[in-house]
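Below is one structure, written out as structure tokens; the observations come after it.
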There are 2 protein chains.
Amino acid sequence: MKKFVNDPKQFVPEMLKGLALANPDTLTYDPEANLIARADAPRDDKVSIVQGSGSGHEPAHVMVVGKGMLDAACPGDVFAAPPTDYVVAAARRVNSPKGVLLLVNNYTGDKMAFEMAEEFADAEGIKVKTLFIDDDVAVKDSTYTIGRRGVAGNFFVIKAVGAASEAGADLDEVVRIGQKVNSVTRTMGVALTACTPPAKGSPLFELGDDEIEVGVGIHGEPGRARQKIVSADEIVDILLDPIVSDLPFADGDRVALMVNGLGGTPISELYLLYGIAHEKLVAQGITPVRSYVGEYCTSLDMAGASITLVKLDDEVEELLAAPAEIPIRTF
Amino acid sequence: MKKFVNDPKQFVPEMLKGLALANPDTLTYDPEANLIARADAPRDDKVSIVQGSGSGHEPAHVMVVGKGMLDAACPGDVFAAPPTDYVVAAARRVNSPKGVLLLVNNYTGDKMAFEMAEEFADAEGIKVKTLFIDDDVAVKDSTYTIGRRGVAGNFFVIKAVGAASEAGADLDEVVRIGQKVNSVTRTMGVALTACTPPAKGSPLFELGDDEIEVGVGIHGEPGRARQKIVSADEIVDILLDPIVSDLPFADGDRVALMVNGLGGTPISELYLLYGIAHEKLVAQGITPVRSYVGEYCTSLDMAGASITLVKLDDEVEELLAAPAEIPIRTF
């Protein structure tokens, strides 16, 4: 294994420490609960937004804590759901009279941790709701999931509920918006290589020198099919067709189009994919009016990419266009 | 080779097309000259800033065209200097009565192309000056360079001259600022893996499973030494010590600290490196007051990172803090 790492067990805490040191004015780091929070949270005038997940998906979610996005993120270890205690600590840290919304990508481990945390937080008198995100069209159930997985499309939910909460929406309204955005968001990904978790030290799965995994999960879970690598044009078709036909997206739709890198793919290739996907959508009468190219939800050092489409109406488009101030540029 | 690519010869044009499609309001793309320019360039009230280089270093430089940064970028093919014609076309495209500044990272091929372009542009009546950037402390001369190489520290020069030009500084003043920032900027990098150019289809050099290349160039040029991989702590020492002792940086200095990914390294590892570097500097009385973590100047899909330090005074710090609006978040 060749990585920038000291003790693999300290990989996540050392990353979080670096993140806090790089953002001293805006973020606070609580090592006890693996917790990154906005320095100005909680604010009495807004619902607080929290997301946790396994680590290894950075910038999701610790690097999208900030104005207009998350109030706190409580990651677990690499590819491991955060313990319930961490989630409760996060809800406590950003507890606001307007309430706390817990966002969860739909994986069985995360779901259990967050549902239990919601009960505990509620018992402490914290006004709390939970929202599950499941944008991945690749598979119905998977290694770690009953129902669809939550992947990069999650960012659009964060952005929309973050913007709504900054504008003063109440908890029910923020939940409505989050559910709405999740319901119009679809993603599918492809892996060119496996990823290597620091504690394992070797690739999580085997992929031949000329093979790709279509519909891969962000923990390396199997997708729809393993096949020989093909041209970028063909790969975009393989990803885009199931996304478009799923909602379905149709002639006349305005969309947000995201090409997300899975960690080991250079941004040059992501822009190349973006251009292809953009033109293929336009050819179907679907107009990308907001573009997102870069790394949003990764799988450590996996080479690969996912494509996400969000169907826009005026409400969603306005929420996505609201300002945000976070360590990485996303929106 | 596993990459998102159609015809390798069309890799750069297809990337540029994607970039332009993703940024229709702010960027224009001229396929004839491989040219990305601000949609609002030239502006009569500001010096125009142009940079070109080989492609494969994205986001450098095509993705940092925008308000407060570059007015145009004219890349060559992957790892190949732009032809003189492209540079002249870029100067022509953004020709302003206040003048045009050409920024060049110090490589022999780029230097030749830009010096000839400056002569041609001058002969056409364009008011033009050229500034060379050479922040890499790793080697004195290298495969493609006489004198030091220009690498990720280049971004600080772009940011400073971009900010000064937006504020209305004249060409001589913009050159003075660029030279000043270059003179206080130092970088060194390390590769964990080689990179694979699309047209070659195989890794550019060989690096053993447990080896790293210390002081690597952004085209895979040899650096100072090849050695066994060590801990992240030790790698930071290996990079930081030559940087600090070179200027030298000293107790009491305020600095900007950049940890730049070389293309294949996840941002989690970059933040881990940032935290280590930050603390090692503080221990020496050197205070990072501005932080930059992410990909700025890459080498295709190379796993690796570089560290850059910039010595700050009030003038430089203010220029770095000015607003910028570009496709990637950098500043």
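Below are the figures for this structure:
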quantity: Filter on A:LYS180/B:LYS2; A:LYS228/A:LYS311; A:LYS46/B:LYS280; A:LYS17/A:LYS180; A:LYS111/A:LYS311; A:LYS129/A:LYS159 - keep pairs with C-alpha separation over 28 Å; calculated: A:LYS180/B:LYS2; A:LYS228/A:LYS311; A:LYS46/B:LYS280; A:LYS17/A:LYS180
quantity: Percent of beta bridges antiparallel (DSSP, the protein assembly as shown, rounded to nearest 5); calculated: 55 percent
quantity: Size of charge dipole - segment B:140-258 - debye, nearest 20, with Cβ of Lys, Arg +1 and Asp, Glu -1, no other charges; calculated: 340 debye
quantity: For B:288-295, mean number of other protein chain Cβ atoms within 10 Å; calculated: 4
quantity: At R0 = 45 Å, FRET efficiency that the Cβ-Cβ distance of A:SER202 and B:THR26 yields, to 0.05; calculated: 0.55
quantity: Sorted largest first, extent of the protein assembly as shown alpha carbons per principal axis (Å); calculated: 73, 58, 49
quantity: Calculated FRET efficiency for the pair B:SER245/B:ASP210, C-beta based, R₀ 22 Å, to 0.05; calculated: 0.20
quantity: √(5λ) per eigenvalue of the Cα gyration tensor, segment A:204-257, largest first, Å; calculated: 26, 13, 8
quantity: Relative contact order (%) - criterion: Cα under 8 Å, at least six apart; region: segment B:237-331; calculated: 39 percent
quantity: Value of relative contact order over chain B, rounded to a whole percent, pairs C-alpha under 8 Å and six or more apart; calculated: 18 percent
quantity: Scattering profile of segment A:8-183 at q = 0.08, 0.12, 0.17, 0.18 Å⁻¹ [log10 I(q)/I(0), Debye over alpha-carbon scatterers]; calculated: -0.20, -0.47, -0.99, -1.12
quantity: Extended-chain gain in nm, criterion 0.36 nm per residue less alpha-carbon gap, A:GLU325 and A:ALA39; calculated: 101.7 nm
quantity: Size of charge dipole - segment B:157-227 - debye, nearest 20, with Cβ of Lys, Arg +1 and Asp, Glu -1, no other charges; calculated: 160 debye
quantity: Choice from A:ILE146, A:ILE177, A:ILE212 with maximal GNM fluctuation in chain A (Cα, 10 Å cutoff); calculated: A:ILE146
quantity: Scattering curve values for chain B, log₁₀ I(q)/I(0), Debye with Cα scatterers, q = 0.07, 0.14 Å⁻¹; calculated: -0.25, -1.06
quantity: Bridge type composition, chain B - antiparallel percent by DSSP, nearest 5; calculated: 55 percent
quantity: Other-chain or far-sequence residues with amide H under 5 Å of B:GLY304's (modelled H); calculated: B:LEU192, B:LEU262, B:GLY263, B:GLY264, B:THR265
quantity: Burial ordering of A:ARG93, B:ARG92, fewest other beta-carbon atoms within 10 Å first; calculated: B:ARG92, A:ARG93
quantity: Listed residues B:LEU257, B:LEU21, B:LEU239, most fluctuating in chain B (Gaussian network, C-alpha, under 10 Å); calculated: B:LEU21
quantity: Packing-based exposure ordering (other Cβ within 10 Å, fewest first) of B:LEU272, A:LEU319; calculated: A:LEU319, B:LEU272
quantity: Span from the segment B:227-280 Cα centroid across to the segment A:20-81 one, whole angstrom; calculated: 24 Å
quantity: Sequence of A:CYS297, B:CYS74 once ranked by neighbouring C-beta atoms within 10 Å, starting from the fewest; calculated: A:CYS297, B:CYS74
quantity: Percent antiparallel among DSSP beta bridges (both partners in segment A:8-183, rounded to 5); calculated: 35 percent
quantity: Cα-only Debye scattering, segment B:96-209: base-10 log of I(q)/I(0) at q = 0.24 Å⁻¹; calculated: -1.31
quantity: Other-copy label distances relative to A:THR26, 7 angstrom Cα-Cβ extension, nm; calculated: 1.5
quantity: 10 Å binning of all Cα-Cα separations within segment B:144-302, expressed as whole percents from 0 upward; calculated: 10, 36, 35, 16, 3, 0
quantity: Mean separation of Cα contacts under 8 Å (6+ apart) over length of segment B:8-183, as relative contact order %; calculated: 20 percent
quantity: Cα-based Rg and Dmax for segment A:183-235, where Dmax is the largest Cα-Cα distance (Å); calculated: 12.3, 38
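No lab work stands behind these numbers, since they all come straight from the coordinates. Keep in mind that what you see is a predicted model, and the values were worked out from it rather than measured. Don't worry about glycine lacking a Cβ; one is built from the backbone with ideal geometry, like all the others, and counts go over all protein chains shown.
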